[in-house]
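Visitor: Just dropping this structure here.
Read the figures in this text as sums done on the coordinates, not as results from a lab. From a predicted model like this one, the values you see are computed outputs, not experimental measurements. Cβ coordinates were reconstructed from backbone atoms using ideal geometry, including for glycine residues, and neighbour counts include every protein chain displayed.
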Amino acid sequence: MRQIVLDTETTGHDPKLGHRVVEVAAIELCNRKVSERRFHRYLNPEREVEAGAAEVHGLTLERLQDEPKFAEIAPALLEFIGGAELIIHNAPFDVGFLNKELELAGLPDLGSYCPNVTDTLKLAKELHPGKKNNLNALCDRYQINNSHRTLHGAMLDTELLAEVYLAMTRGQDSLLGDGGDEREDRATLEFGGLPRPPLRVLAATAEELSLHAQQLADIDKASKGACLWKQIEA
């Protein structure tokens, strides 16, 4: 199974207002393992970068003037991602920008090359309703070290999102195999040269164990001895 984790940075928030892509990055996952294959380009947007966007990613038109235009890198990008499932955080944003760039380049839209797109923001909202689900929040939730993320950057964000996606979908291991290789890879994989912090395990206190036992006793009494948990413990 081939998947591509993808991210873009842009000059602003809306391609309909003429905003363009200034950076695109993609990382390949093969059978839920991060491969060595990467795609990363900075782009000349042929227009000014809004101040708010520049504050997020640090890229300006002056910095990007000597970079290639999107149409020049489009064939290589499409070859890299073609046929794979795309994994994108807030997918409508990136897909909208890429479709506009493809249109300007006289090429079919993204769905012609990658018909399947998974939006990790949508997935995170389903798993964690009512909570913050931006990339920083998800890194904190899944204990992924993002301390080196001082600015948004498409390559760094794809690296972090790859770890977040694998963490969020660990329950699919039963459908894909025992997941042993992936767990071993995740234990040794480092992004940005920084190791993952150790997992904290909190044991129940004596008071909590006592309350648990009392709760089971109450359930067993109310169900006339049909409490399955007590039967398992016995």
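Visitor: Tell me which label goes with the value of volume of the Cα convex hull per residue in Å³ computed from the coordinates here: (1) 130; (2) 178; (3) 141.
Guide: (2)
Visitor: Now for a separate question. Could you work out which residue, out of Leu104, Leu64, Leu161, moves most in a Gaussian network model of the chain, that is, has the largest mean-square fluctuation with Cα springs under 10 Å?
Guide: Highest fluctuation of the listed residues: Leu104.
Visitor: Sticking with this structure for a sec: Cut-off 10 angstrom, C-alpha nodes, Gaussian network model of the chain. Which of Ala124, Ala217, Ala203 fluctuates the most?
Guide: Its mean-square fluctuation being the largest, the pick is Ala217.
Visitor: Quickly estimate the mean residue ellipticity at 222 nm for the chain, helices only: each DSSP H run with n ≥ 4 gives -39500 (n - 2.57), and the total goes over all residues, rounded to 500.
Guide: -12500 deg cm²/dmol
Visitor: Cβ under 13 Å from Leu127's Cβ, Leu127 left aside: what net charge do those residues give with Lys, Arg +1 and Asp, Glu -1?
Guide: +4
Visitor: Further, regarding this structure: Tell me, Ile73, Ile4, Ile87 in order of fewest to most beta-carbon neighbours within 10 Å?
Guide: Ile73, Ile4, Ile87
Visitor: Over the stretch 1-114, what is the mean sequence separation of C-alpha contacts under 8 Å (at least six apart), divided by residue count, expressed as relative contact order in percent?
Guide: Rounded, it is 27 percent for the stretch 1-114.
Visitor: Restricting to bridges with both residues inside the chain, how much of the DSSP beta-bridge set is antiparallel, in percent to the nearest 5?
Guide: 75
Visitor: With a 10 Å cut-off between alpha carbons and a GNM built on the chain, which of Pro75, Pro115, Pro198 moves the most?
Guide: Pro198
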